[in-house]
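Where a number appears in this text, it was derived from the coordinates with a stated rule and is not lab data. Values in this document were obtained by computation on a predicted structure and should not be read as measured data. Virtual Cβ from ideal backbone geometry, glycine too; neighbours counted across all protein chains shown.
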Amino acid sequence: MNEERLAVIRHSFAHVMAEAVLQIFPEAQTAIGPAVQNGFYYDFALPRTLTPEDLDEIAARMETIIKKGGPFVKSVVSREEALKRFEDQPFKTELIRDLPDDAEISLYTQGEFTDLCRGPHVSDLKELNYKAFKLTGTAGAYWRGDEKRPMLQRIYGVAFADPKELKAYLNRLAEAEKRDHRKLGKELDFFSLHEEAGPGLVYWHPKGARIRLTIENFWRDKHYQNGYEMLYTPHVGKSWLWQTSGHLDFYKEGMYPKMEMDNVDYYVKPMNCPFHIMIYNNSKHSYRELPCRWAELGTVYRYEKAGALHGLLRVRGFTQDDAHIICRPDQVEDEIREVLRFSLEMLRAFGFTEFKAYISTKPEKAVGEEKDWDLATRSLQKAVEAEKIEYDIDAGGGAFYGPKIDLKIKDALGREWQLSTIQFDFNLPVRFDMVYTEKDGSDCRPFMIHRALLGSIERFFGILIEHYAGAFPFWLSPVQVKVIPVAEAFDDYASEIAGQLKAAGFRAETDLSDDRMNAKIRNAQKAKVPCMLILGDKEKESGTVSVRYRDGRQVNGIAFDELVAEFSRLSNEKE
């Protein structure tokens, strides 16, 4: 079934839910109830906070309404009629008054419930399968998303055309809950967040820091191999910098408040780009020097609303894997193609294989010359087509300062995540008067390309945790090898082997606790360690080891040199 039909079904379920809620709470005030991905929700002002038992009763009433059946009947009314019809529903009357003068005002009635709605809906309630929906929870939601407006209760549900599809979705949802990076991050001791010390700011624990360092080292090595140079820039800058860049005009709400020092206003950086431009403008550049490919793992700070914060996926302080390419117009096409190729190479190394691109083109209001927009947009499209990636065009969806590619991946559960972004910028080169000297000695304006491959280290790490369910491949695991002696008599041999592995460059730990061997193995499995070395009398006598892998395989009597060769192979084995 196509998504358009599913959206109609889900919106119809939202109306059925509203009818059921009003049967239980006749004094309830209704707000909005749209279809959303995989389901629907409806916002209500209710006399009390809902309980899980309330959701069960609402769901039971919905089943009764659907079984009874009946048509969805549309009627078109005047503004006056609509206001009179909903005179005891303040959220509906506000919506009606905000409609344009020439708007059609339509109502939909099913059973005893009438709602203000554009539609469409199924023709009859019996087209809904009462076994193909489930109410999944409640949450607070400000009316129209405004923190100064009333707080409503939002009821969420999921719905499909077929009960089998619902069951499959709920199974995926259960698996997603098991993989939740916040849960696994705590269980595996990767990171923590401390509301009392500052919401949205991440504390990296030793094991999480090990993985982060591995990611960052791989990132730096790959960038040097692909012709980039590394930069380090300050965390704060004078207000002049952000006024010139336009952030104070267009992005101030997303910035932390100013700090005054020596009677001068400073801001912590929400972006790295103005700092890279300052380095570029520090000296003159010839056409021969371009392109400049400059990368930085730069930590930035953005004031996200408290309600939007979500583990590592939405934070206030994060390290962006940022880069800027400053190039001549004749270099644009090759640079874009190379950036996209590099993005795919990096993402494939971390185990992602399914990609889709979204190309956002020139909006109605934009800066820059038409010929530059055409060149940039064609370059983006050619790059995507050359890599044979499925893509959609978001016509008019680009920023006012340039078109862009957003590259999305699918994880192990088939969920889509937006990671890499390749963004043209016709604005900052003008604002900061960036130039290079052409062959004839004239000053020319370079093109500037903003580029992030992983997005941010924090968010990317959260996605990786969920993709791998915390069981990272050997090269990324914070502890690659757990050395387990079967008894205390073999502790010295275990420590010797672990020391040799560390000297060979592997992340090894020894379990010298008083736990029995089986408990040590269980603890290593719980910690999702990819390899365990089991050492006893046979291994000590022969100077070998027995390897137990995370997937249950076991190989006995391996010589140390052979073990090092195997672990080296695993370390170099990217997806």
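Quick notes
- Considering only Tyr41, Thr109, Ala28, and ranking their Cα positions along the charge dipole of segment 1-118 that arises from unit charges at the beta-carbon of Lys, Arg, Asp and Glu, the one farthest toward the positive end is Thr109.
- Distance between the pseudo-spin-label points of Arg378 and Leu201 (7 Å out from Cα toward the beta carbon): 5.0 nm.
- Helices that extend 15 Å or more along their long axis by alpha-carbon positions and average at least 0.0 on the Kyte-Doolittle scale are, among the DSSP H runs of the chain, 3-24, 457-468, 560-571.
- Highest average first, the peptides 216-225, 461-470 ordered by how many other beta carbon atoms sit within 10 Å of their residues are 461-470, 216-225.
- FRET efficiency for the pair Tyr142 and Glu175, taken as 1/(1 + (r/R0)^6) with r the Cβ-Cβ distance and R0 = 22 Å, rounds to 0.10.
- In a reduced charge model with +1 at each Lys and Arg Cβ and -1 at each Asp and Glu Cβ, segment 3-174 shows a dipole moment near 500 debye about its Cα centre.
- Chain lengthening between Ser192 and Asp249 when straightened (0.36 nm per residue, less Cα-Cα): 17.1 nm
- Taking every Cα-Cα distance in the chain and sorting them into 20 Å bins starting at zero, the pair-distance distribution P(r) comes out as 16, 39, 34, 9, 0 percent.
- Projecting the Cα positions of Asn217, Gly499, Asn282 onto the charge dipole of the chain (unit charges on Cβ atoms of Lys, Arg, Asp and Glu, taken about the Cα centre) puts Gly499 furthest along the positive direction.
- R0 of 35 Å, Cβ-Cβ distance Glu354-Met278: FRET efficiency to nearest 0.05: 0.35
- For segment 166-229, the equivalent ellipsoid derived from the alpha-carbon gyration tensor has semi-axes of 30, 21, 11 Å in decreasing order.
- Segment 442-502 has equivalent-ellipsoid semi-axes of 47, 17, 6 Å, by the square roots of 5 times the alpha carbon gyration tensor eigenvalues, sorted largest first.
- Pairwise Cα inverse-distance average, inverted: Kirkwood Rh of segment 3-174 (Å): 16.5
- Along its principal axes, segment 248-320 has C-alpha extents of 49, 35, 20 angstrom, given from the largest down.
- Diffusion constant of segment 344-473 at 25 °C, which comes from Stokes-Einstein with the Kirkwood Cα-pair radius and 0.890 mPa s, µm²/s: 150
- Over segment 426-532: Rg over Rh, Cα atoms, Kirkwood Rh: 1.40
- Taking the C-alpha atoms of segment 137-183, convex hull volume expressed per residue in Å³: 102
- Inter-site label distance for Ala503 and Glu87 at 7 Å from Cα along Cβ, in nm: 9.1
- Cross-link partners of Lys388 among aspartates and glutamates (Cα-Cα below 19 Å; sequence separation of 8 or more within a chain): Glu333, Asp334, Glu335, Glu338, Glu345, Glu354, Asp406, Glu416
- Inverse mean reciprocal Cα-Cα distance (Kirkwood Rh) of segment 1-96, Å: 14.8
- Calculated FRET value between Gln525 and Glu216, using beta carbons and R₀ = 30 Å, to 0.05: 0.60
- Relative packing of 449-459, 509-519, which averages over residues the other C-beta atoms within 10 Å, highest first: 449-459, 509-519
- Relative contact order (%) - criterion: Cα under 8 Å, at least six apart; region: the chain: 10
- Gain in span if fully extended, Gln554 to Asp394, counting 0.36 nm per residue against the direct Cα distance: 52.5 nm
- Taking the fewest neighbouring Cβ atoms within 10 Å as the starting point, the ordered list for Ser75, Ser283 is Ser283, Ser75.
- Projected onto its three principal axes, the C-alpha set of segment 481-571 covers 32, 29, 22 Å, listed from the longest axis down.
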